Every structure is written in structure tokens, then in C-alpha cells.
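Asker: Here it is, the structure, as C-alpha cells.
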Amino acid sequence: MSVPRTLLLGRYDGEGHLQYVGRTTTLAKEAGTAIAAMLHQARRGHPWRGWPFSTGWGSRETLDVTLVEPELVVEVDADVARDASGRWRHAARPPGAVSLL
């Protein structure tokens, strides 16, 4: 698996569906390398398969995304401002510590 440059962030809603809430700012190479060792390629049925993710607010350019199993938990610093879809308007600051469920 390649070293991630950013993380797409999700949260399970009250019905058990994984909802996209935002992404991190660019990860330091060391953090990306550490996180890559904990990621596993997504199996069939990932809830975000086929979704386009933009490179930034208002951009039409899309990210090159590798979906992984949603089992990694990270704590991030995020601005609470949300758009109409409930997604964070600003990228979250990368995690300092990471743990696998």
C-alpha cells in the first residue's frame, strides 16, 4: 500500500452507516508511513466506492483515492464549521497518535 498524503475521515451515524465528514491536511511523511502500516485495502462493498473527493473547497479537481477498511481510529483537531451536508468545511489537523480498533 502506498503512503497516504491525507486521510479521508468518516464517522458512523446512529444507523451504522459510515458518513464522510472531511479530511486531514497534508500528513508529514513520517506520519503517513506509520499510518500506511496500519491500513488494509478495502474489501468489496466499501460505502464510499465510486465517490469523487475534491482536492479542496470549491475545487472540481479530484483526489486519487485508495479506499481502505474503515477500522483505523484517529483523533484530530477540527474546526466545527460544517457545510449543508454536515461535513467539516476545513481540513482537520493530522493525528499525533493512531490506534487500530
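The values are calculated or read from the model by the stated rules, or taken from the named source; none is laboratory data. Keep in mind that what you see is a predicted model, and the values were worked out from it rather than measured. Note that each Cβ is placed from the backbone with ideal geometry, even for glycine, and that neighbours are counted across all protein chains shown.
Asker: Give me the residue from region 1-13 that is without any contact (Cβ under 8 Å) to a residue 40 or more places away in the chain and not charged (D, E, K, R) and, out of that set, surrounded by the fewest Cβ atoms within 10 Å (Cβ to Cβ).
Answerer: Per the stated criteria, the residue is Tyr12.
Asker: Filter region 27-46 down to the residues that are assigned to a loop (DSSP other than H, G, I, E, B) and in contact (Cβ under 8 Å) with a residue 40 or more places away in the chain, then identify the one that is nearest to Arg93 (Cα to Cα).
Answerer: Leu27
Asker: Further question on the same structure: On the basis of being in contact with a strand residue (DSSP E or B) (Cβ under 9 Å, 6 or more places away or on another chain), in a strand (DSSP E or B) and either modelled with pLDDT of 90 or more or among the aliphatic types (A, V, I, L, M) (or both), does Val80 make the cut?
Answerer: Spelling it out, it is not the case that Val80 is in contact with a strand residue (DSSP E or B) (Cβ under 9 Å, 6 or more places away or on another chain), in a strand (DSSP E or B) and either modelled with pLDDT of 90 or more or among the aliphatic types (A, V, I, L, M) (or both).
Asker: May I pose another question? Within region 34-55, identify whether any single residue is on the phi > 0 side of the Ramachandran plot and over 13 Å from the mean Cα position of the chain (by Cα), and answer yes or no.
Answerer: There is at least one residue in region 34-55 that is on the phi > 0 side of the Ramachandran plot and over 13 Å from the mean Cα position of the chain (by Cα).
Asker: Quick one: in region 14-28, which of the residues that are over 13 Å from the mean Cα position of the chain (by Cα) and modelled with pLDDT of 90 or more is surrounded by the most Cβ atoms within 10 Å (Cβ to Cβ)?
Answerer: Among residues in region 14-28 that are over 13 Å from the mean Cα position of the chain (by Cα) and modelled with pLDDT of 90 or more, the one surrounded by the most Cβ atoms within 10 Å (Cβ to Cβ) is His17.
Asker: Any residue in region 62-76 that's touching a residue at least 24 places away in the same chain (Cβ under 8 Å): show its pairings with residues that are among the aliphatic types (A, V, I, L, M) and assigned to a loop (DSSP other than H, G, I, E, B) at Cβ separation under 6 Å, as long as the two are six or more apart or on different chains.
Answerer: Leu67/Ala42; Val68/Leu39; Val68/Ala42; Glu69/Ala42; Glu71/Leu101; Leu72/Met38; Val73/Leu101
Asker: Out of curiosity, is Arg49 assigned to a loop (DSSP other than H, G, I, E, B), loosely packed, with under 11 Cβ neighbours inside 10 Å and at pLDDT 90 or above?
Answerer: It is true that Arg49 is assigned to a loop (DSSP other than H, G, I, E, B), loosely packed, with under 11 Cβ neighbours inside 10 Å and at pLDDT 90 or above.
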